[in-house]
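Working notes, structure below.
The numbers here are math on the coordinates, done by the rules we state, and not lab data. All values reported here derive from a predicted model rather than from experimental measurement.
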Amino acid sequence: MGIGETVLPKDGWHYFPDPTNGLVTVQAPRGTRMNGFTLLLTDLQGRSLGRFALTASTSQVDVSKVNAQQVILSVRSVLGDTIPLGPL
């Protein structure tokens, strides 16, 4: 089925399933306070496809309205730091 989990052990972030055309689950490292964090979706040319508030250390985001394509996920912290997660 091609459903797997993408793991970034250095940063402790996880997202799954990959691929998806519906909900994607994003898990933050343990102890991360998610107030003010945002999930960013960009296309391969760097254009913004969406911004979604992350409200808990495990959040589900509906990406069904994004055209079927490979996108890049990243998280922006409340301080403005961007954490690249990877392709979806």
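Worth pointing out:
- 3J(HN,Hα) from dihedral phi, region 47-57, Karplus parametrisation 6.51/-1.76/1.60, rounded to Hz, x for glycine, proline: 7, 5, 10, x, 9, 9, 5, 9, 9, 8, 4
- Average projection, convex hull of the Cα set of the chain: 5.5 square nanometres.
- Sorted largest first, extent of region 49-88 alpha carbons per principal axis (Å): 31, 18, 14
- Annotation: amide H-H contacts under 5 Å for LEU54 (H modelled 1.01 Å from N, sequence separation of 5 or more, or interchain): PHE37, THR38, LEU39.
- Estimated vicinal HN-Hα couplings, Hz - region 75-88 in sequence order (Karplus 6.51, -1.76, 1.60; Gly, Pro = x): 10, 9, 7, 4, 7, x, 5, 10, 10, x, 9, x, x, 9
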